[in-house]
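Notes for the one structure printed next.
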Ligand code: HAM
């Protein structure tokens, strides 16, 4: 039997889980600082929640199966559809705006590269009920707060920002019907990722002439918001919103992290306005995280739309980046005491001593087998304990235990009260 986990998935040994918990601790703490509440949903959902028809990669990468009653189910590849489902289920009883976060495990049958796996954990931050870019500014502030907390600065990470409304303006000038918008965004997102023959086939199915594709390429290669503003009009909604977002970023104090990038569209069909992605400036890794505004997702599920925006932040890329930068923390095991009975007759009092220490909130490893003292020392040392507490016949007869401080080597006999 192959003992490795399925390709693209991970086992988390205690050391790995300490690192994961450290990262999630930062996700949770930043969420708390910004007033987001945690929610969760099932990892298995109805397949139809995800089968959008815009040609997205994420739909082709679905893990799907049929349960014993013939229901078509899927492992969630992302959290946003579940969140939309939950919000719709509550309907008018939710008092808006809501700010929610989660750290779901997500599944995608992905081509494996550094930082891309078939399962990953994804910190999600979402705001429902705020129509203006104040919401995006708050999300990006949370994001840069996270980066700063783990030791990364704006010299290490950049956040590319654009708005789909700009591309929409360009498409309108090419007379592309509005109902094709999502499909075209998904195609434009592939321009730099998929080899030209693949793009040509997809462009043909969308009835896009090579001339139209060239004009879209030209539009997305604009170098500045000023240049784009000249193309779509200074007073265009997308331009105004982005300018406002850059102003807000300055006011929050994270302006130096942001850069406008007209080629940023993102590959998910549901985004309608601002889109953003964080990258390491060394550009050796895939996107660290991404998000945007999705004001019309709820109506695709038959509900009434609510303005919404959010971001998803996977665990693999950030860990790779922190590793590259030498910023991974040392996370030794946290154990206070190892309690050891010199001989089997002292095991019952050793249990009581361990209990007493545990009631005080100390983490205690009670040695459960008959072992030599030398072994107990080695074991306590190996587990990084602070103290070894020994129950020896003479000392115990006098109501005392021997305590060795494993950091200083100092030994003392203490009564249970003093322990
Ligand atoms: P996404 O761009 O598909 O967006 O994924 C967001 C982030 O999740 C990526 O930038 C990356 O950090 C991580 N990620 C995605 N796939 C993988 C993978 N195979 N391996 C490792 N990490 C991965 C979404 O999923 C949107 N639902 C995000 C969102 C939330 N938008 C609004 N709210």
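Could you check, for the range 66-75, whether at least one of its residues is within 13 Å of the ligand (Cβ to nearest atom) and at negative phi?
Looking for residues that are within 13 Å of the ligand (Cβ to nearest atom) and at negative phi, one finds at least one in the range 66-75, hence yes.
Among the residues of the range 239-250, how many are touching a residue at least 40 places away in the same chain (Cβ under 8 Å) and out of contact with any strand residue (DSSP E or B) (no Cβ under 9 Å at 6 or more places or on another chain)?
2
Taking the condition of being within 10 Å of the ligand (Cβ to nearest atom) and under 23 Å from residue 229 (Cβ atoms), how many residues in the range 250-275 meet it?
Looking only at that region, the number is 3.
Between a residue in the range 305-334 that is more than 20 Å from residue 25 (Cβ to Cβ) and any residue that is within 8 Å of the ligand (Cβ to nearest atom) and at pLDDT 95 or above, which pairs come within a Cβ distance under 6 Å, given they are 6 or more apart or on different chains?
Pairs that qualify, where the first residue is more than 20 Å from residue 25 (Cβ to Cβ) and the partner is within 8 Å of the ligand (Cβ to nearest atom) and at pLDDT 95 or above, are 308/294; 310/125; 310/126; 310/291.
Quickly run through the range 308-362 and pick out the residues that are within 30 Å of residue 293 (Cβ to Cβ) and not in a strand (DSSP E or B).
315, 316, 317, 318, 319, 320, 321, 322
When residues of the range 299-317 are filtered for being within 13 Å of the ligand (Cβ to nearest atom) and within 20 Å of residue 58 (Cα to Cα), how many remain?
Qualifying residue count, the range 299-317: 9.
Mind telling me which of the residues 332, 344 ends up being at pLDDT below 95, within 24 Å of residue 21 (Cα to Cα) and surrounded by fewer than 16 Cβ atoms within 10 Å (Cβ to Cβ)?
Selected residue: 332, the only one of 332, 344 that is at pLDDT below 95, within 24 Å of residue 21 (Cα to Cα) and surrounded by fewer than 16 Cβ atoms within 10 Å (Cβ to Cβ).
Within the range 81-94, does at least one residue satisfy the condition of being under 17 Å from the mean Cα position of the chain (by Cα) and either more than 16 Å from the ligand (Cβ to nearest atom) or not in a helix (DSSP H, G or I) (or both)?
no
The values are calculated or read from the model by the stated rules, or taken from the named source; none is laboratory data. Because the structure is predicted, anything quoted here is derived from the model rather than measured. Using ideal geometry, Cβ is built from the backbone for each residue, glycine included, and neighbour counts are taken over all protein chains shown.
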